[in-house]
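The structure appears right after this line, and notes come after that.
Please treat every number below as a calculation from the coordinates, not as lab data. Model, not experiment: these values are computed from the prediction. Backbone-built Cβ (ideal geometry, glycine too); neighbour counts: all protein chains shown.
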Amino acid sequence: MASTLCAAFAGSVVASAPALAKTPPPKPVLDASAVAAPDRYGADTAQQIFAAGGNAVDAAVAIAFTLAVTRPEAGNIGGGGFMTLFMDGKPYFLDYRERAPQQATRDMYVDDKGNPVPGMSAVGHRAVGVPGTVEGMWEAQQRFGKLKWKQVLAPAIRYATDGFPVEPWLQQRRDAAAKNFAGKTNFDAYFSNLKAGATLRQPELAQTLSRIASDGGREFYEGRTADLIAQQMYGHGFVTKQDLLQYKAVWRQPLAADWNGYRVIAAPPPSSGGIGLIQMLKMKADLKPAFDGLELNSAPYIHLIAQIEDRVFADRQQYIGDPDSDTVPTDRLIADAYLAQRADEVKPDEVPGASPVTPGLGDSHTQKAQTTHFSVVDKWGNAVSNTYTLNGDFGSGVVVDGGGFLLNDAMDDFVTRPGSVTAATAATTAGASAEINTVAPGRRPISSMTPTLLLKDNKVALVIGTPGGSRILTSIFQVMTNLYGFNMTPADAVAAMRFHHQLLPQKTIYFEPYQPIAGELAEQLKAMGYTLEAQSFNGDVQMIRVEGTTPEPIADPRGVGVARVMR
Ligand code: GLY
């Protein structure tokens with residue numbers, strides 16, 4: 001019967017018929033696809049996209065739009081970020097970081113005495129940089145996606161239209177942010193209905209997403225959404241329609257370095273994270289004799305890591321900024337010989353702060369939970385590690401009237417008073433940096449976002465990232481060290497205690513609420529000369545390890561993330 005049908009069909013083929021597909025579909029190389037997302041809606045979205053035949057990029061773009069609805073404090077279309085990808089055997093990096101508007105000036109956040117005006121770069125219209133997220137998602141999906149653009153936006157539009165139940169943690173974050181924005185922005189007009197137990201529907205956001213779905217990513221920069229943003233800014237902020245028209249995401253060469261038998265693929269400038277992560281990994285390897293036999297997270301272990309971190313952050317504040325507007329000595333900062341020399345400066349027995357640590361080439365923040373990260377692999381062996389941000393919780397607090405989405409306060413990541421790095425600014429902003437990170441028209445501010453991949457034999461072995469401002473790179477470093485240096489399981493490696501130190505404030509070790517440094521360890525560190533400081537923020541690592549052909553996703557127990565394997 002089958003052969004008869006085939007013969008009859010073959011007989012009907014005419015000369016003008018389209019050619020039959022000659023390339024066989026790629027064969028799966030992994031047992032399954034997997035996701036580690038910062039909420040269950042992100043994981044559900046990935047599942048739907050994979051069921052529809054999508055790949056890791058389709059899933060990543062769909063998750064990013066979904067989180068713009070379900071995680072309004074951090075997921076976004078009004079912010080920006082970085083995506084590190086491994087597609088068809090090759091690594092890529094997409095920079096869709098926010099940019100300073102053309103009217104921005106170097107001293108726009110200081111008073112006439114040259115002092116920073118508190119809050120000016122962080123709250124309200126003046127804090128807003130030109131958003132990059134929609135352009136980034138559009139670029140990635142057009143280049144690598146398999147599904148239709150409309151298909152990847154569909155889950156987000158559904159969540160915005162139908163709503164989702166608000167959990168208590170989200171209302172708590174809303175309440176804290178609302179105090180900050182009170183009387184300064186229209187935040188409450190949009191988000192006063194964000195109440196635990198209630199269903200949050202966002203009809204204006206649903207319309208914006210529907211326009212972007214129908215007209216493509218440039219709608220945000222050229223269409224009605226661009227007009228709404230420009231209207232919102234008019235008379236209050238600096239972003240104009242011209243800024244939006246000019247915005248382009250940039251494909252950059254990802255950083256790559258060999259470490260421990262793996263190829264580390266990490267974020268290049270304007271991220272400081274890739275350089276910092278590679279510096280930490282390599283300096284720790286150079287200091288193997290000093291680390292040998294030290295118990296994980298013991299006082300002497302923390303002391304050695306803190307000395308490494310002093311050097312990473314001294315370099316970061318001096319040398320890292322937007323590579324499109326200044327020269328960043330990236331290669332020199334991750335060169336083996338340079339890092340061996342820096343590692344050599346670390347003295348296990350030295351009292352903290354005894355020798356001043358300065359930038360190492362010889363020439364010349366920390367509560368930022370409002371970023372979010374997700375990791376995806378597909379069964380074809382592709383991977384996406386994506387971190388994006390509004391910067392502060394709920395960004396600038398400014399909602400685009402008629403558009404229903406929040407705008408970032410990324411301008412706070414520039415240094416507002418060039419050259420002066422105080423303990424306070426170092427602890428609270430990525431803007432603890434030098435001339436290279438001053439405000440300038442079109443410039444991208446330094447970032448700590450570090451979406452990272454590890455490859456083994458040119459196959460994905462790890463996909464990892466987290467929010468956390470300057471703690472991002474130190475957190476990723478610790479999880480990787482737990483995993484590969486202490487042979488922990490992926491779940492234990494992510495769950496283990498994390499600490500943070502970053503040169504300034506000097507001799508300060510930050511600890512997390514999830515596993516505070518207390519008891520004997522606290523006493524030992526204090527006796528060594530450290531000050532311990534509690535931070536209010538836990539990281540939220542979303543990681544996938546691939547062993548052989550099996551992906552194992554882990555969502556950080558500190559957050560509400562969901563890890564899922566999809567066969
Ligand atoms: N806004 C946080 C970061 O870019 O690191």
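Rounded if a/c is under 1.5, else prolate if a/b beats b/c, else oblate: with a ≥ b ≥ c from the C-alpha gyration tensor eigenvalues square-rooted, which is the stretch 201-252?
On the way: a/c = 2.10, a/b = 1.10, b/c = 1.91.
It comes out oblate by the Cα gyration axes.
Within the stretch 165-185, name every residue whose backbone N is under 14 Å away from a label modeled 7 Å from Cα of Asp401 along the Cβ vector.
Only 185 fall inside the zone, counting backbone N under 14 Å.
I want to make sure I understand the PRE zone here: with the label point 7 angstrom from the Cα of Lys195 toward its beta carbon, which residues in the stretch 145-170 have backbone N atoms less than 15 Å away?
Inside the label zone: 165-168.
Place the peptides 290-300, 36-46 in order of packing, highest mean first, counting for every residue the other Cβ atoms within 10 Å and averaging per peptide.
Most protected by this proxy first, the peptides run 36-46, 290-300.
Report, in whole Å, the centroid distance computed from the Cα atoms of the stretch 110-149 and the stretch 245-293.
24 Å
Suppose every K and R has +1 on its Cβ and every D and E has -1 on its Cβ; what is the size of the dipole of the chain about the Cα centre, in Debye to the nearest 20?
1280 debye
Which of the listed residues, Gly273, Leu304, Leu287, is farthest toward the dipole's positive end in the stretch 207-355, when Lys, Arg count +1 and Asp, Glu count -1 at the beta-carbon?
Gly273
Mind pulling the per residue volume of the convex hull built on the Cα atoms of the stretch 63-151? Å³ is fine. Let's see the in-between values first.
On the way: hull volume 11.5 nm³, N = 89.
For the stretch 63-151, the hull spanned by Cα atoms encloses 129 Å³ per residue.
How big is the stretch 309-411 in terms of Cα radius of gyration and Dmax, in angstroms?
Expressed in Å, the Cα Rg and Dmax of the stretch 309-411 come to 19.5, 60.
Among all the lysines, which ones have a C-alpha under 30 Å from Lys22's C-alpha, if same-chain residues fewer than 8 places away are not counted?
Lys90, Lys146, Lys148, Lys150, Lys379, Lys459
Once the Cα atoms of the stretch 487-564 are picked out, what are the Rg and Dmax in Å?
My reading of the Cα-based Rg and Dmax gives 15.4, 48 Å.
Quick one: if you stick a label point 7 Å off each Cα along the C-beta vector at Ala340 and Leu245, how many nm between them?
Using points 7 Å along Cα→Cβ, the separation is 5.4 nm.
How far apart, in nanometres, would the label points at Lys179 and Asp326 be if each is projected 7 angstrom from Cα along the Cα-to-Cβ direction?
The two pseudo-label positions are separated by 3.6 nm.
For the chain, build the charge dipole from Cβ charges (+1 Lys, Arg; -1 Asp, Glu) around the Cα centre, then report which of Asn55, Asn260, Leu483 sits farthest towards its positive end.
Most positive-ward Cα: Asn55.
Ranked by Cβ crowding within 10 angstrom, fewest neighbours first, how are Arg126, Arg263, Arg444 ordered?
Neighbour counts put them in this order, fewest first: Arg263, Arg126, Arg444.
Going by average Cβ neighbours within 10 Å, how do the peptides 109-118, 403-412 rank, with the highest at the top?
Ranking, from highest mean packing down: 403-412, 109-118.
Please report, to one decimal in angstroms, the Kirkwood hydrodynamic radius of the chain built from all distinct Cα-Cα pairs.
Result for the chain, one decimal place: 23.9 Å.
Sorting check: for 140-147, 449-456, which peptide has the highest mean count of neighbouring beta carbons within 10 Å, and how do the rest follow? Let's see the in-between values first.
Values: 140-147: 19.5, 449-456: 26.2.
Taking the mean over residues of other Cβ atoms within 10 Å, the ranking is 449-456, 140-147.
Rounded to the nearest 500, what is the 222 nm mean residue ellipticity of the chain from helices alone, with -39500 (n - 2.57) per DSSP H run of 4+ residues and division by all residues? Intermediate results must be reported in sequence, preceding the final value.
Details: 20 runs with 203 residues, N = 567.
Mean residue ellipticity, 222 nm, calculated: -10500 deg cm²/dmol.
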